[in-house]
Structures are given as C-alpha cells and as structure tokens.
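Notes follow the structure.
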Amino acid sequence: MSTLSELFLTYQSLIGFVGIDALLALSVYATLCCGQLSLANAGFMAIGAYAAAILTFHTKLPFAAVLLASALAPAAFAVPLGLPVLRLRGVFLAIATIGFGEVVRLALVNWDFTNGALGLVAIPQRAGLLTIYLILGIALFFFARLRGSKLGYALDSIREDETAARTMGINTTLAKLSMFVFGAALAGVAGGLEAHFTFMVAPSGYSFSRVVDMLVYAVVGGVATYVGPPVGAAFMTLLPEVLRGLGESVGLGPGPLRLFVSGAILLAVVLFLPNGIVSLPLLVAAVRMRRQRG
Amino acid sequence: MLLALDGVERAFGGLRAVDGASFSVREGEIHGLIGPNGAGKTTLLNLISGLLRPTSGSIKLGDRRIERLPPHKITALGISRTYQNIRLFPALRAVENVIVGEHLVRSAPLWRRLLFLPAAREEEHTARSRALSLLERVGVRERAGARARDLSYGEQRRVEIARALASDPRVLLLDEPTAGMNAAEVSAVAALIRQVATEGHSVLLVEHNVRLVMEVCQQITVLNFGKVIADGTPQAVAQDPAVIAAYLGNEP
C-alpha cells in the first residue's frame, strides 16, 4: 500500500470531522452574512442529529431521505422561532438564540425515548467521506452562486444598514428569516452526518460550547466571504492533532492545551486579522509589494 | 393628487413633532418642504416612507392609503428616498449600492442563477449597465468601482440620489440633497432635480438652501413646530407674513 493511502486511512475520521465542521461553520455564516449573530445552531444540529438517528433506528428509509429529514426537522423549528427573535438585534438576538439551544439540550436530557442524557448509541455508520464532502460541495456551490445575486445584494445591504435596506423595497424580515432557516437546515444535516459517522448522539455534544466552536471557525477563517468559514473550520479542527505531540512533550494533556491555543488564535485573529486567515495571503502580498517599491 | 397628506400627526411622548399637517404633491411636480430647524421636516419624510407610523391622520398615494404599510411595501408602490445623514451601504461599491436600489425592478429568481441559465446572466448585465448609466446621470460614473465609504461627501450624496432613482419611483423624497455642497455642485443637483421631474417623477424636496427651493420648486409647503404655516407658489410663500416671522422673528 502506498504511503498516501495509508495516511488517508489513518486520518479518515479526522478528514470527516473537518467536512462536518466546515458545514457547521457555514451554518453560522448563513446568518452572519446578513449581520445577524444567531447562536441557535447547536440546538438545530441536535434536532437534525436526533431526527436522523431515530429515523435510521425505526424506519427503513434510504440514507438520502434520512439526511433530507435532518435538514427539514430543524428548519421546521426555525420558522416559528425566527419570526419573533429576528426582530431582536445584536446581543439580544444572540441571547434569545442561546436560550433556544439550551431548551433543546435540556429537553433531550429529559426525554426517555432517546435515553435521556446517555443518548443513542450504536447508530449504523451510513455517512462516508464521499457523502460528507458531496453535501459540503453543494453548500459551497449555493453560497458561491448567492454572491452577486439579487438576494445576495439584499443580504449585503441588510448587513450594512438594515433601515436603508427596507426603504430600498427589500423585505428584510423575509430575507433574514430565509437565511436563518437555511442555516438551521445546514446545521441539521451536519448533525445527521455526524450521528452516522461517530455512531452516537448525546445531549452533551450539543451544548453552548459547540456553537461557540462553530462561531470561532467562522471568525478565525474570516466572514467577509463564504470561503473563510470552511477554511477556519479546517484550521481549527486540524490544529489539535498537530499540537497533540507538542502537548505531550511539555507534559500537558491535549485538552487544556487545545483550549489555550484556540483561545490565543481567536484573540490574535480578532486583533490583527479582522478578515480572518483567508485574508493573510492578500496581506502578505501587499506588504511585499510595498517593500519592492522601496 | 399623487401624494396627499391629511391631518398627519406624530407625537414622541409629549412632543408633537408633526401636528396635523395636510398638503399634497401633484404628478410631475417639484414640491419644496421648508422650515426652521426642528420644524418636523425629516419626521414627515420618515412618516411618508413608512419608517414611522403617524399617531393619526392619513397619507395617500394615488387612491391608496399607505400610512400603515411597512417601508418595503411603500417603496414598491413608488416612493423612494434619500437621507439627510447619508445612509449608503459603506462596504459596497458605488455601483453595487445602485444595484441594491434596483431590487424592486429586477426579476432574478435564485434558481435561475443556481442553474447557470443565460437569462440570469443577461439580467445581471442589464442591472449593472442600468446602474452605471444612473451613476453617469448624477455625474459619478468614474467612481463606480469605489467603495461608498471612500467617496467624498458630495459624491456620496449623488450616489444616494442614483440609488433612490433606481427603483423608478413615482415620488422621490430628497432630504437635504445639497447639504455640504459647493455652489457648482448645487446647481448640478438643481439641474438633475428639474430633469427628473420632466421625466414624470414627482419630487418632494426638503432643503435649507432657500434660494435653491425658490428656483426649482413649483409649490412650497412651510412647516413650523410641526404645523403647516404656509402652502403655495414660491412668490406667495416668500411674502407670507407667517413665514417671514418664522424665519426672522416678529418685528419688535
């Protein structure tokens, strides 16, 4: 066997997690791109994951149908939730959506049908790398085509000045709600994929810190375009693996070091790279050009 | 009457910012709205464009009452506006700002773009060239690719007018379009307003530059403390004792 395919086999699960995290980062970007900070996505992810797991256990539906359900179930929650909460702006929207995420998690902890806090285990593995990256590809394609479209311009204008956007004839409520629901569907699919990739779902996997992770992926990668969030997700997901050896050599477990380093990276990006790590090549090029000019 | 206000009132707590204002704007007319600072002019524009709802009274566009409609529906019926304190989308380019203004006149479903249909591409091309010709009209075509926040003050004002014209409005509300402009720029805007009116758009012009208002407007409404104190031709309004008193104070 060649070294390349050996490497691939060793890191198969890691590659899968990068794809799932990229989807989660995009789910946060969906609302962020029109200026809305929504933190309900761990809750939506949980709904998608549980819906998918339950369908796999209790029906004979093909996996494609199960994944579709894992997108539609959280979307169905997002419509009635979005209508009132999207009237809130800034930090108030963030707080209201955190509340939703916690309600979902606590409901799952107390739901006997899904084994409460223990969750569901031994879910058959139905999601492979191909499925994960196919869906990521579809999501990226959607965002790529959204840019420069009529809806894309409407979202840009809402992010820049919502009041002015309203007097341009844009139904800002509808546009924001669409992206909120789309983000919920993306998070749900990511949940459904993860459930069938790691064989288990449990409420503890969808806590507040999970949505913070998603937000960190997006911010570290850069939220100026749709390219940033997946790049940030890859960076932040691969980093702990790189650091694992380092942590052991200084006598720290991988857990604490990971938190420390990701915190430091987030801080550095926010302070020095407001457009995320995807803006780094441009910045380097600009510095080089200035030097060449003398 | 194209736009008719009847007994429009808007109170903020105990303050009646607009206090029973009634006047109307005819089709193709340039209508001035003047008054001392704090007279309620901007509040009135916010009421017409739907950003505020009147406490009482009615606003009609043609036969339709619009005072309870949300802003995007009012724009769809044919009213668009600029802002006294300029509200462009700062990170977007000048041409993109105008493209956003075209939102209502564009028919561009996303599925067509997702499928790479040639119709989508054609429509985008039309939208862009229309936006560019609007920028040409207001005289900032060469700045089309600049971000709105990088434009000079006068350029920003003109891009905002182009953006408001992009929805092809029946009534254009201009809130101090020449504030901060020099004499040459002011006369360019005056010519633009006249031209817009000859194309059939009505203009409601809020201005502090009284000479400009006297020059371009066919009809003037004077507001003071939220009340209409005079309404008529520029000549009549200029000689109205109530107007002179509002601007200069009473003779001792």
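Miscellaneous remarks
- With the Kirkwood sum run over all distinct C-alpha pairs, chain B has a hydrodynamic radius of 19.0 Å.
- In a simple Cβ point-charge model (Lys, Arg +1; Asp, Glu -1; nothing else charged), the protein assembly as shown has a dipole of about 620 debye relative to its Cα centre.
- Globularity index of segment B:108-229 is 1.29 (Cα radius of gyration / 2.2 N^0.38 Å, N = number of residues).
- Amide hydrogen proximity for B:Asn224: with H placed 1.01 Å from N in the peptide plane, the residues at 5 or more positions away or on another chain lying under 5 Å are B:Ile229.
- Size descriptor for segment A:2-71, Kirkwood hydrodynamic radius: 14.3 Å (Cα pairs only, one decimal).
- Segment A:56-113: trypsin sites (Lys or Arg not before Pro) in DSSP coil with no more than 12 other Cβ atoms inside 10 Å: A:Lys60, A:Arg87, A:Arg89
- Karplus-derived HN-Hα couplings along segment A:219-234 (A = 6.51, B = -1.76, C = 1.60, θ = phi - 60°), whole Hz, x at Gly and Pro: 5, 5, x, x, 9, 6, 9, 6, 6, x, x, x, 4, x, 4, 4
- Measuring between their Cα centroids, segment B:127-192 and segment B:49-94 lie 19 Å from each other.
- Antiparallel content of DSSP bridges confined to chain B, in %, to 5: 55
- Karplus 3J(HN,Hα) series, Hz, for segment A:19-24 with 6.51 cos²θ - 1.76 cosθ + 1.60 (x for Gly, Pro): x, 5, 5, 4, 4, 5
- Dipole check for chain A: with +1 at the C-beta of Lys and Arg, -1 at the C-beta of Asp and Glu, and the Cα centre as origin, the magnitude is about 780 Debye.
- When its C-alpha radius of gyration is set against 2.2 N^0.38 Å (N residues), chain A gives a value of 1.04.
- Spin-label model, A:Thr59/A:Glu102: points 7 Å from Cα along the beta carbon direction are separated by 3.3 nm.
- Applying both filters, DSSP loop and at most 14 other Cβ atoms within 10 Å, to the chymotrypsin sites (Phe, Trp or Tyr not before Pro) of segment A:1-30 gives A:Tyr11.
- Long-range HN-HN contacts of B:Gly32 with modeled amide H, under 5 Å: B:Leu205, B:Gln218, B:Gln219, B:Ile220, B:Thr221
- Calculated FRET efficiency, B:Glu27 to B:Phe225, Cβ-Cβ distance, R0 = 30 Å: about 0.50 to the nearest 0.05.
- Residue among B:Arg106, B:Arg170, B:Arg121 with the largest mean-square fluctuation in a Gaussian network model of chain B, springs linking Cα atoms under 10 Å: B:Arg121
- Phi-derived couplings, Karplus 6.51 cos²θ - 1.76 cosθ + 1.60 at θ = phi - 60°, listed residue by residue for segment A:31-36: 8, 4, 6, 10, x, 10 Hz, with x used for Gly and Pro.
- Counting only DSSP H runs of at least 4 residues, each contributing -39500 (n - 2.57), and dividing by the residue count of chain B, the helix-based mean residue ellipticity at 222 nm comes to -11500 deg cm²/dmol.
- Relative to its residue count, segment B:88-168 spans a Cα convex hull of 83 Å³ per residue.
- Pairwise label distance in nanometres, B:Ala238 with B:Ala91, each label 7 Å out on the Cα-Cβ vector: 4.9
- Dividing the summed helix terms, -39500 (n - 2.57) for each DSSP H run of n ≥ 4, by the number of residues in chain A produces a 222 nm estimate of -25000 deg cm²/dmol to the nearest 500.
- Residue with peak Gaussian network fluctuation, chain A [Cα springs, cutoff 10 Å], from A:Val104, A:Val121, A:Val220: A:Val121
- Averaging the sequence gap over all C-alpha pairs within less than 8 Å and six or more residues apart, then dividing by the number of residues, gives segment B:88-168 a relative contact order of 51 percent.
- Between the amide H of B:Leu173 and those of B:Ser80, B:Arg81, B:Thr82, B:Leu204, distances stay under 5 Å, these residues lying 5 or more places away or on another chain, with hydrogens modeled in the peptide plane.
- The distance separating the Cα centre of segment A:180-202 from that of segment B:218-252 comes to 66 Å.
- Highest-fluctuation residue, B:Ala39, B:Ala184, B:Ala91 considered, GNM on chain B with Cα pairs under 10 Å: B:Ala184
Since every read-out is calculated from the coordinates, none of them should be taken as a lab result. Values in this document were obtained by computation on a predicted structure and should not be read as measured data. Counting neighbours? That spans all protein chains shown, and the Cβs are built from the backbone with ideal geometry, glycine included.
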